[in-house]
Amino acid sequence: MWKDWVRPLVRPLPQWSTVAVAPPQQMVTATLHWDGKSADVTADHTVASLKPLVIATSIDAGLHPFIEYRDRTTGRLLGTLRLERTAYVVTEDTSLTLYHIAAGEHRCLGWPLRPWNAWLQNRLMLGNQGSPHSALEPAAVQQLMIAYLCPRPVILVSVDAPDHRNIFPMDLIGPLERSGYFSLALRSTNVSMPTMREVRRVALSSIPATMKGVVYKLSEHHKQPLMDWDALPFPARLTREFGIPAVASALRVRELAIEHSQEIGSHTLFLGRIISDESLAEGTQLHHTAGFHQAYRRRQNLPLAEV
Ligand SMILES: Cc1cc2nc3c(=O)[nH]c(=O)nc-3n(C[C@H](O)[C@H](O)[C@H](O)COP(=O)(O)O)c2cc1C
C-alpha cells in the first residue's frame, strides 16, 4: 500500500514500544569494548540517571569505552553508545563505574530515514511538553532509546513501612551481574524514596505482559503513596522473608535488601542483594524497547508481540 511507504516519511516512529518478551531477554547482546578488550554486559549495565544520562556497570573499562548492541541471532550491529568514565560508586564490598554518554548511533534504520526519523521524533517531543522525557535534551533521548535496544523488563516495586506503603512501576533496573548487586534507579522526587532509604527493603514483582494497563495506571504512585493495600486493583501475596505485599499474579517475586543508595543526577541509585526469589508462573513479561528496534524487527519479519 502506498500509505505504508509514505507514512515513515511524514510521521516519526514511536520512541518506545511496549512488548511481550519471555524473560530474560536473549535477542540483543550488549558488549563493552575498551583497550582491545571486551566483556558481555547484557546482564551487567543499567541506566543510573536520566539527567544527565548515566550508565553504570560492574566493569572499569577505562576512560573511553563503548557498548555495542547486536542482534544475537545474526550478529548484526544495532547500535553503539560511546561512553566517558565520570565516577565510581564505592560500596563496602565493591565498586561500580559510572559513564556519561558522549555519543550514540543506531543502525536499525537505513540512511536517510535514520536522521530524518530522529528529526521528526525530536520535533514532536519538543512540541509536547507532557511527554515522559521532555525534560531531556533530544540527543539524550535518542541515546536512551539505544540503551533500550536490549528490551528492558518492567517490574512493580512494593515498599511497606508502618506509616508509608506504595507500589509503582520501574524499568531502570539491574542486575549488575559481576558485582552481585541488583540496582534500581529512581527519580529522587519519588514519594517513596526517603522510606526506601530508611527501611532498606522492597519487593520486586515481574509483571506479565497482560497487565500493561494496570501497571501504567500505577505510575501515579511515583508521586502519591498508596492509601491502603486493599485498594490495589489486583490480588496481593505476602513475600517470604519481609512479608511485603507483592503481585499475586506476578511471573516472579524477588525481595531486595538495599545495601547502598546514592544520588546520581536526577535519580537515586539503590543497590541491593536479592534475598529471596520465587518463580510463580511461566509467560511473557512486559518490556520496553525502542520504536526503531521494533521497526528493524518488523523488516526482518520477526516483530516482537506488542501489547
Ligand atoms: C512502565 C514504567 C516504568 C517506569 N520506570 C521508572 C524507573 O525505572 N525509574 C523512575 O524513576 N521512574 C520510572 N517510571 C516513572 C516515570 O518516569 C514517571 O516519573 C512517572 O510515570 C510519573 O510521571 P510524571 O512525573 O510525568 O507525572 C516508570 C513509569 C512507567 C509507566
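Radius of gyration and Dmax for the stretch 2-150's Cα atoms, expressed in Å?
16.5, 61
Taking the Cα centre of the chain as the origin, how large is its charge dipole in debye, to the nearest 20, when only Lys and Arg (+1) and Asp and Glu (-1) carry charge on their Cβ atoms? Present the calculation step by step, with values, prior to reporting the outcome.
Numbers: 31 positive and 28 negative charges, 250 e Å.
For this selection, approximately 1200 debye.
Can you list, largest first and rounded to whole Å, the semi-axes you get for the stretch 224-307 by taking the square root of 5 times each eigenvalue of its Cα gyration tensor?
Working: eigenvalues 179, 85, 44 Å².
Here the semi-axes work out to 30, 21, 15 Å.
Picking from Asp93, Asp160, Asp71, which is most flexible by a Gaussian network model of the chain using Cα springs under 10 Å?
Maximum among the listed residues: Asp93.
What does the convex hull of the Cα atoms come to per residue for the chain, in Å³?
On the way: hull volume 41.6 nm³, N = 307.
Spread over its residues, the Cα hull of the chain gives 135 Å³ apiece.
Mind checking which of Leu149, Tyr296, Ala102 is farthest towards the positive end of the chain's charge dipole, using Cβ charges of +1 (Lys, Arg) and -1 (Asp, Glu) about the Cα centre?
The one lying farthest along the dipole's positive direction is Tyr296.
Which distance in Å, rounded to a whole number, links the C-alpha centroids of the stretch 173-232 and the stretch 101-164?
Using only Cα atoms to place each centre, the spacing works out to 20 Å.
For the stretch 64-120, with only Lys/Arg (+1) and Asp/Glu (-1) charged at the beta-carbon, what is the dipole magnitude about the Cα centre, in debye rounded to 20? Provide the component values of the computation, followed by the final result.
Values: 7 positive and 6 negative charges, 79 e Å.
So the magnitude is around 380 debye.
Find which of Val307, Leu78, Pro115 sits farthest along the positive direction of the dipole of the chain, computed with +1 on the beta-carbon of Lys and Arg, -1 on that of Asp and Glu, about the Cα centre.
The residue sitting farthest along the positive end of the dipole is Pro115.
Out of Leu124, Met196, His164, whose Cα points farthest toward the positive end of the dipole of the stretch 104-199 (charges: +1 Lys, Arg; -1 Asp, Glu; placed on Cβ)?
Ranked along the dipole, the leading option is Leu124.
With charges only on Cβ, +1 for K and R and -1 for D and E, what is the dipole size of the stretch 2-150 about its Cα centre, in debye, rounded to 20? Please list the in-between numbers first.
Values: 13 positive and 12 negative charges, 169 e Å.
The calculation lands at about 820 debye.
Values in this text are rule-based calculations from the coordinates and carry no lab data. Bear in mind that the values here come from a model prediction, so they are computed numbers and not experimental data. Here Cβ is always computed from backbone atoms with ideal geometry, including for glycine, and neighbour counts include all displayed protein chains.
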